[in-house]
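Have a look at the structure below, then the notes.
The values are calculated or read from the model by the stated rules, or taken from the named source; none is laboratory data. Remember, it's a predicted structure, so these values are computed and weren't measured experimentally. Neighbour counts run over all protein chains shown; Cβ positions are idealised from the backbone, glycine included.
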Amino acid sequence: MKNKKHKLETIQLLIIGFYLTSEGYDILSEYALFGGIILSFGVMLLTYFVYSLIKKRHNKTLNLLVHLFEAVALLFTAYVLYKEKKLALQYVTLLASIGSFITVIIIFLKQKHSPTIENKSRMKIRQEH
């Protein structure tokens, strides 16, 4: 199951990374600030995509940050698409941004409630006594 989940997350990184990179490049001439932010977040996502291919797993903290960057970049993209009056695409991008923010919250709550390595070692010591 984790292998299939890893593949789906990796494919999602690739698709959103390419979308943000191409959209950021297109926007760069009209909206320099937003275009630069979106382009840099897209490149960061593609870099994390390559990292996850090399490591064959996702780092929990980096995964949280990547989803946060993804959500912010998609929110900026939705705003720019709103300014350009591309109605259907702006709503899809806004929905994707909201989904990414929900993912960030879920990942954060799972990390908060999962035992860390220090807590596991403390529990082992307590059980031995």
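Points worth noting:
- The condition (being at pLDDT 90 or above and of a type outside the set (S, T, N, Q)) is satisfied by just one residue among Ile102, Ile54, Ile117, Ile125: Ile102.
- Residues (of a type in the set (Val, Ile, Thr) and under 18 Å from Gln90 (Cβ atoms)) located in region 24-46: Ile27, Ile37, Ile38
- Which listed residue is in contact with a Gly (Cβ under 9 Å, 6 or more places away or on another chain), aliphatic (A, V, I, L, M) and without any contact (Cβ under 8 Å) to a residue 12 or more places away in the chain, from Leu65, Leu28, Leu45, Leu39: Leu28
- Test: residue in region 50-66 that is more than 30 Å from Ser114 (Cβ to Cβ) and not aromatic (Phe, Trp, Tyr): no
- Restricting Leu74, Leu89, Leu53, Leu81 to residues that are in contact with a Leu (Cβ under 8 Å, 6 or more places away or on another chain) and either within 15 Å of Ile15 (Cα to Cα) or among the β-branched types (Val, Ile, Thr) (or both) narrows the list to Leu74.
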